[in-house]
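K.L.:
Can you read through this structure? Questions will come right after.
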Amino acid sequence: QVQLVESGGGLVQAGGSLRLSCAASGRTFSSYAMGWFRQAPGKEREFVAAISWSGGSTYYADSVKGRFTISRDNAKNTVYLQMNSLKPEDAAVYYCAATELVVTLREADFGSWGQGTQVTVSS
């Protein structure tokens, strides 16, 4: 398995931006497709974005499409989530996850998870 550590969360005003990072260690990072998920209080964890091992394919939830960008730097063993035009409804704990599948959007297919980073958006 790969070990994942998220960073970059914090408090931001609505309309602002944040960039989350997820640093990986352990097995070869470039062999994993990566995803970001989030969980707001009282809600189930939901898919946000995913990226293939090469970075050539990306996928987004409709709620963040056009505002969030997922990317990766395999040389740095890091995946990023650039979040722009943040809304109060984006507030959640954001989790980074890794899967050995080519790519998937299903939470159950991701075998490695980080501890999460809190994003708070003030209105």
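The values are calculated or read from the model by the stated rules, or taken from the named source; none is laboratory data. The shown structure was predicted, so the numbers you read here are calculated from the model rather than taken from an experiment. So basically every Cβ, Gly included, is an ideal-geometry build from the backbone, and we count neighbours across all protein chains shown. Accessible surface is based on the protein model in full, side chains and every heavy atom, while ligands, DNA and RNA are left aside. Shrake-Rupley method; radii C 1.70, N 1.55, O 1.52, S 1.80 Å.
K.L.:
Kindly report the accessible area of the chain per residue (heavy atoms of protein chains, probe 1.4 Å, no ligands, DNA or RNA), in Å². Before the final figure, lay out the partial values.
P.N.:
Numbers: 6110 Å² over 123 residues.
That works out to 50 Å² for each residue.
K.L.:
Identify, among 93, 103, 119, the residue whose Cα sits farthest towards the positive end of the charge dipole of the chain, taking +1 on the Cβ of Lys and Arg and -1 on the Cβ of Asp and Glu, with the dipole about the Cα centre.
P.N.:
Farthest towards the positive pole: 119.
K.L.:
Considering only protein heavy atoms, with the full assembly of protein chains and a 1.4 angstrom probe, order 32, 80 by accessible area, largest first. Intermediate results must be reported in sequence, preceding the final value.
P.N.:
Details: 32 5, 80 35 Å².
The residues order as 80, 32, largest area first.
K.L.:
What's the magnitude of the charge dipole for the stretch 1-102 around its Cα centre, counting Lys and Arg as +1 and Asp and Glu as -1 at the beta-carbon? Answer in Debye, nearest 20. Intermediate results must be reported in sequence, preceding the final value.
P.N.:
Numbers: 10 positive and 8 negative charges, 30 e Å.
So the magnitude is around 140 debye.
K.L.:
On to the next question. How much length is gained on full extension from residue 27 to residue 108, taking 0.36 nm per residue of separation minus their Cα-Cα distance?
P.N.:
Values: separation 81, 0.36 × 81 = 29.16 nm, distance 2.00 nm.
Net length gain for the segment: 27.2 nm.
K.L.:
For the chain, with all protein chains present and a 1.4 Å probe, just round the carbon and sulfur fraction of the accessible area to a whole percent. Write out the running numbers ahead of the final one.
P.N.:
Numbers: 2890 of 6110 Å².
In the chain, the share of accessible area belonging to carbon and sulfur is 47 percent.
K.L.:
Over all distinct alpha-carbon pairs, what is the Kirkwood Rh of the stretch 8-61 in angstrom? Write down the numbers at each step before the final one.
P.N.:
Working: mean 1/r = 0.0752 Å⁻¹.
13.3 Å is the Kirkwood radius here.
K.L.:
Another one. Heavy atoms of the protein only, probe of 1.4 Å, neighbouring chains included. What is the accessible area of residue 36 in Å², nearest 10?
P.N.:
Solvent-accessible area, nearest 10 Å²: 0 Å².
K.L.:
While we're looking at this one, here's another question. Using r as the Cβ-Cβ distance of residue 1 and residue 57, and R0 as 25 Å, what FRET efficiency do you calculate, to the nearest 0.05?
P.N.:
Details: r = 23 Å, r/R0 = 0.91.
For R0 = 25 Å, the calculated efficiency reads 0.65.
K.L.:
Can you give the accessible area of residue 106, probe radius 1.4 Å, in Å² rounded to 10?
P.N.:
Using a 1.4 Å probe on the heavy atoms, I get roughly 140 Å².
K.L.:
If you put +1 on each Lys and Arg Cβ and -1 on each Asp and Glu Cβ, how big is the dipole of the stretch 43-91 around its Cα centre, in Debye rounded to 20? Show your work: numbers first, answer last.
P.N.:
Details: 7 positive and 6 negative charges, 24 e Å.
That gives the stretch 43-91 a dipole magnitude of about 120 debye.
K.L.:
Still on this model: Arrange the residues 6, 107, 44 by how much accessible surface each exposes, largest first, with a 1.4 angstrom probe. Write out the running numbers ahead of the final one.
P.N.:
On the way: 6 10, 107 65, 44 155 Å².
Ranked from most to least accessible, the order is 44, 107, 6.
K.L.:
Where the only charges are on Cβ atoms (+1 Lys, Arg; -1 Asp, Glu), what is the dipole of the stretch 2-52 about its Cα centre, to the nearest 20 debye? Before the final figure, lay out each step's value.
P.N.:
Working: 5 positive and 3 negative charges, 7 e Å.
My answer is approximately 40 debye.
K.L.:
According to a simple spin-label model (label point 7 Å from Cα along Cα-to-Cβ), what is the distance in nm between residue 82 and residue 44?
P.N.:
A separation of 3.2 nm, rounded to one decimal place.
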